[in-house]
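Participant: The structure under discussion is supplied below as structure tokens; questions concerning it will follow.
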Amino acid sequence: MSLPEQIPGTEPLTDQAESARLAADSEPEIIEEDASFAIVHKPAGWLTVPGTPGTLSSRDPSVQAWLAERWKQPSGEPGFVGTVHRLDRPVSGVMVWAKSSRSARRLAEQFSGGKVIKQYWAVVAGQPAQSSGTWEDWLILQKHDGRNVVRRCAPGTPQGQPAHTDWQKVAASGLKPDLTWLSLWPRTGRMHQLRVQTAERGWPILGDSAYGSVAEWPHPWKIALHARSLTFRHPETQQLILVEAAVGPHWSCLGDVQEWFEPTEKYRVKRS
């Protein structure tokens, strides 16, 4: 999902924002890296890039800043961190980062050209009647009370953009009643695309109060949306890479589904 992840705020700075305290309980993990790129697991609650200066989010941890510190130069200068796609703050999962401008350009071209296969897992309130399908919508970014929100709009609406997602139910016998586990494959990368497309059909993602979730969810700054896997080509060798990541343990509140959040392999990388 190639999206901006935070909604700019206007609150005065405090010693420590609640979101920063919550995010401090977790840290990104390097799944694999070489001289060209790194595959990283972003925890829910972390920003992709630093927040707007002067707002509360500017003190919240970001994966980009974490990597810049990790890749610091001998001179003390922050390392190069190429951001080629983004995940919303409350979303966890797989991301890829470039370690050079050439790798950043090549990876970004794969995302913008629709050559990256992205799979997400989501748990939503409600029961879709069908077991699979494709959502085809037009989405538009609007301002509401000074904040960015995305809405579905009529096809061809000025400033609207088409959004396409393939979806399928996932068998989840241990899930709490009236919830559905979905596997989602977005073919476009609109802001908040999956969050809006599920909510507009009456199935908001758990914890996503910005888009209508009212179901019980005990994890502030996190929602039940996870970037399960990415398939892309190495920016230098062009080798095809598939990387998968298990959901975090906070998903255990959804029911007896331990086999999904504590698999034998937390991460899996396949090359071909």
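The values are calculated or read from the model by the stated rules, or taken from the named source; none is laboratory data. The model shown is predicted, which means the values in this text are computed figures rather than measured ones. As a convention, Cβ positions derive from the backbone with ideal geometry for all residues, glycine included, and neighbour counts pool all protein chains shown.
Participant: If the requirement is being surrounded by 13 or more Cβ atoms within 10 Å (Cβ to Cβ), farther than 15 Å from Asp88 by Cβ and touching a residue at least 12 places away in the same chain (Cβ under 8 Å), which of these qualifies: Gln159, Gln197, Gln110, Gln127?
Facilitator: When all the criteria are applied, what remains is Gln110.
Participant: Does Gly207 count as of a type outside the set (Lys, Arg) and modelled with pLDDT under 90?
Facilitator: In short, no.
Participant: Specify which of the listed residues (Leu87, Leu139) is in contact with a Pro (Cβ under 9 Å, 6 or more places away or on another chain), touching a residue at least 24 places away in the same chain (Cβ under 8 Å) and crowded, with 21+ Cβ neighbours inside 10 Å.
Facilitator: Going through Leu87, Leu139 in turn, the sole match is Leu139.
A quick yes/no check of all residues on (1) within 23 Å of Asp25 (Cα to Cα); (2) assigned to a strand (DSSP E or B); (3) modelled with pLDDT of 95 or more:
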residue: Val214; (1), (2), (3): no, no, no
residue: Pro218; (1), (2), (3): yes, no, no
residue: Ile223; (1), (2), (3): yes, no, yes
residue: His226; (1), (2), (3): yes, yes, yes
residue: Ser229; (1), (2), (3): no, yes, yes
residue: Phe232; (1), (2), (3): no, yes, yes
residue: Pro235; (1), (2), (3): no, no, yes
residue: Gln238; (1), (2), (3): no, no, yes
residue: Ile241; (1), (2), (3): no, yes, yes
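Participant: Now, a different point. I need the full set of residues from region 153-195 which are of a type in the set (S, T, N, Q) and either in a loop (DSSP other than H, G, I, E, B) or within 29 Å of Val84 (Cβ to Cβ) (or both), in order please.
Facilitator: Selection gives Thr157, Gln159, Gln161, Thr165, Gln168, Ser173, Ser183, Thr188, Gln193.
Participant: Pairs under 8 Å by beta carbon, first residue at positive phi in region 53-64, partner at pLDDT below 85 and surrounded by fewer than 19 Cβ atoms within 10 Å (Cβ to Cβ), six or more apart or different chains?
Facilitator: The qualifying pairs are Gly54/Leu13.
Participant: Oh, and also: Which residue pairs have Cβ atoms closer than 7 Å, lie 6 or more positions apart in sequence or on different chains, and pair a first residue in region 18-45 that is at pLDDT below 90 with a second residue that is surrounded by fewer than 18 Cβ atoms within 10 Å (Cβ to Cβ) and small (Gly, Ala, Ser)?
Facilitator: Between residues of region 18-45 that are at pLDDT below 90 and residues that are surrounded by fewer than 18 Cβ atoms within 10 Å (Cβ to Cβ) and small (Gly, Ala, Ser), there is no close pair.
Participant: Quick check on my filter: what residues within region 130-156 are more than 22 Å from Asp88 (Cβ to Cβ) and small (Gly, Ala, Ser)?
Facilitator: Ser131, Ser132, Gly133, Ala154, Gly156
Participant: Of all the residues that make up region 164-186, how many are surrounded by 14 or more Cβ atoms within 10 Å (Cβ to Cβ), closer than 19 Å to His226 by Cβ and in contact with an Asp or Glu (Cβ under 7 Å, 6 or more places away or on another chain)?
Facilitator: Counting residues in region 164-186 that are surrounded by 14 or more Cβ atoms within 10 Å (Cβ to Cβ), closer than 19 Å to His226 by Cβ and in contact with an Asp or Glu (Cβ under 7 Å, 6 or more places away or on another chain) gives 1.
Participant: Let me ask something else. So, in region 46-66, of the ones that are of a type in the set (Val, Ile, Thr) and in contact with a Pro (Cβ under 7 Å, 6 or more places away or on another chain), which residue ends up modelled with the lowest pLDDT?
Facilitator: Per the criteria, the residue is Thr55.
Participant: Mind counting the residues in region 56-82 that are more than 22 Å from Ser19 (Cα to Cα) and among the polar types (S, T, N, Q)?
Facilitator: Number satisfying all stated conditions: 2.
Participant: Here's something else I'd like to know. Mind counting the residues in region 196-212 that are part of a helix (DSSP H, G or I) and either under 30 Å from Glu109 (Cβ atoms) or among the charged types (D, E, K, R) (or both)?
Facilitator: Total meeting the criteria: 4.
Participant: Quick check on my filter: what residues within region 90-107 are in contact (Cβ under 8 Å) with a residue 24 or more places away in the chain and not aliphatic (A, V, I, L, M)?
Facilitator: Residues satisfying the conditions are Pro90, Ser92, Gly93, Trp97, Lys99, Ser100, Arg102, Ser103, Arg106.
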